[in-house]
Amino acid sequence: MKNTFNIITLGCKVNQYESEAVEEIFQSRGYEKKPNNADIYVINTCTVTNMSDRKSRQMISRARRDNPEAVIAVMGCYSQVKPEEVAAIEGVDVVLGSRNKEEVVDLCENVLQNKKAIDKVLSFSETKTIEELEISNQEAMTRAYMKIQDGCNMYCSYCLIPYARGNISSRDMDSIKKEARRLAQNGYKEIVLTGIHVASYGKDLREGIRLIDVIEEVSKTEGIERIRLSSMEPRHITRDFLERMKATEKACDHFHLSLQSGSDEILKAMNRKYDTKIFKEKVDLIREVFPNAGLTTDIIVGFPTETEKNHEDTKDFVKEIKFAKTHLFKYSKRDGTKAASMSPEVNGNIKKERLKELEAIEEVNRLNFLKNQIGKTLSVLFESKSDMDGFKSGYSTNYLRVNVEDNIADNEIRDVLITEIKNDELVGKLV
């Protein structure tokens, strides 16, 4: 009896959620998770960059080396976009895409019985509705991710995700409420609402249902004390949205707004649906409603046609906004996107220099935000032992790691007065 499995996950929080849902399916069928020499390996892939593709291939090869007799199933964004390439990799037995992952156990068992490879990547014309995967438990026993949306209609010029995930599809509200109750019953106190383009939730459902309605409904769940959002498009931030969020008294004051560039010329070339003026207006609105909000972002360095002036504009804008954290990425050319044919391309060495310059600004912004927390009282969900000896650590509502010299129970929410910074993290004492 082949009864052990392992799942290797690359990429975003949506992939992590889906992998954990698939893990529950395996376990409900009597399989035992085994990190090495498993009978079945599932590789949940990512394709956001060329490096993601390469890492996906490396994980497939690693699984094959670990157990040459194992059944290997590959699913996710890379296999959706390049199914023939994945199927041609030596040792791959099952190829799935982005929307039929609930079938992976059945397909692996079919290979075990019939010794014949299966390719079942569906087109998005065949899978227009969201795949209703469910989770009861996750590895982190304090914060749970909940996928409420899939797909994207934005078609940014550098991005393959709409081709890997299809158009927007939203999860049924009743399904969301049931999962929130189940997670609360299992002890989770914080839920992170996630999706490929979470702000677009409800656009494919009956008129009037939107992301704020999900936040309000989940906030009514007894036992759920904090609700956090994954990445948001700035255009979807409105005063009504923010004030309704705040009124729940459970919404975290942490907003990840994907900027990508501080140059209006480059934002237009990227097919982003805003400019720096709109972005700044949304930031000011957030800080008006949530004065101590943690604002984080992503920036792509060295996008095709990016001039030195464009780069300087980005540096100036990042300094102006003063993000709590900035995730920086060098542009990665993706075949099949509009940006792949744009020229001139930015020289690799120039990308490296521009990245270093932005990293220096990000370091200053981050440390200044940490310093601004000293003397403030933050609500912290404690999760684990700290790297500091004798301390416990957890995350504040504005998503900063906080350390306290006290033996606080995991999954406990406490107010902490911030007193200092050590090792680039906050330290405080219980109030």
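The values are calculated or read from the model by the stated rules, or taken from the named source; none is laboratory data. Quick caveat: nothing in here was measured; it's all calculated off a predicted structure. Cβ: placed from backbone, ideal geometry, glycine included. Neighbour counts: every protein chain shown. The protein model used for the area step is the full one, side chains on, heavy atoms only, and it has no ligands, DNA or RNA in it. Shrake-Rupley method; radii C 1.70, N 1.55, O 1.52, S 1.80 Å.
Between 370, 381, the distinction of being in a helix (DSSP H, G or I), at pLDDT 95 or above, open to solvent by less than 30 Å² (accessible area, probe 1.4 Å) and not polar (S, T, N, Q) belongs to 370 only. Give the residue that is farthest from the chain's Cα centre (by Cα), with candidates limited to residues of the stretch 331-367 that are of a type in the set (Asp, Glu) and not in a loop (DSSP other than H, G, I, E, B). Here the answer is 353.
The number of residues in the stretch 131-160 being open to solvent by less than 50 Å² (accessible area, probe 1.4 Å), at pLDDT 90 or above and in contact with a helix residue (DSSP H, G or I) (Cβ under 8 Å, 6 or more places away or on another chain) comes to 13.
Here 158, 145, 201 are screened, and the one residue that is out of contact with any His (no Cβ under 9 Å at 6 or more places or on another chain) and free of Cβ contacts under 8 Å to residues at least 60 places away in the same chain is 201. With respect to (1) within 30 Å of residue 343 (Cβ to Cβ); (2) outside any loop (DSSP other than H, G, I, E, B), the lone exception for residue 282 is condition (1).
Of the residues screened, residue 297 is one that is farther than 30 Å from residue 184 by Cβ, in a strand (DSSP E or B) and without any contact (Cβ under 8 Å) to a residue 60 or more places away in the chain. Within the stretch 253-268, the residues that satisfy the criterion of being assigned to a helix (DSSP H, G or I) and open to solvent by less than 20 Å² (accessible area, probe 1.4 Å) are 266, 267. Scanning the stretch 307-325 finds one or more residues that are under 18 Å from residue 261 (Cα atoms), aromatic (Phe, Trp, Tyr) and part of a helix (DSSP H, G or I).
Checked against (1) of a type in the set (S, T, N, Q); (2) touching a residue at least 40 places away in the same chain (Cβ under 8 Å); (3) farther than 20 Å from residue 84 by Cβ, residue 52 meets all criteria but (3).
Evaluated against (1) touching a strand residue (DSSP E or B) at 6+ places or on another chain (Cβ under 7 Å); (2) open to solvent by less than 20 Å² (accessible area, probe 1.4 Å); (3) under 25 Å from residue 337 (Cα atoms), residue 202 falls short on exactly one condition, (3). Just one of (1) open to solvent by less than 40 Å² (accessible area, probe 1.4 Å); (2) within 19 Å of residue 154 (Cβ to Cβ); (3) over 22 Å from the mean Cα position of the chain (by Cα); (4) of a type in the set (A, V, I, L, M) fails for residue 278. It is (1).
When residue 165 is tested against (1) open to solvent by 50 Å² or more (accessible area, probe 1.4 Å); (2) in contact with a Cys (Cβ under 9 Å, 6 or more places away or on another chain), just one condition goes unmet, and that condition is (1). Scanning for something over 27 Å from the mean Cα position of the chain (by Cα), at pLDDT 95 or above and open to solvent by less than 80 Å² (accessible area, probe 1.4 Å), does the stretch 393-409 turn up at least one residue? Looking for residues that are over 27 Å from the mean Cα position of the chain (by Cα), at pLDDT 95 or above and open to solvent by less than 80 Å² (accessible area, probe 1.4 Å), one finds at least one in the stretch 393-409, hence yes.
Among the residues making up the stretch 207-230, those that are in contact with a Cys (Cβ under 9 Å, 6 or more places away or on another chain) and either open to solvent by 50 Å² or more (accessible area, probe 1.4 Å) or basic (Lys, Arg) (or both) are 226, 228.
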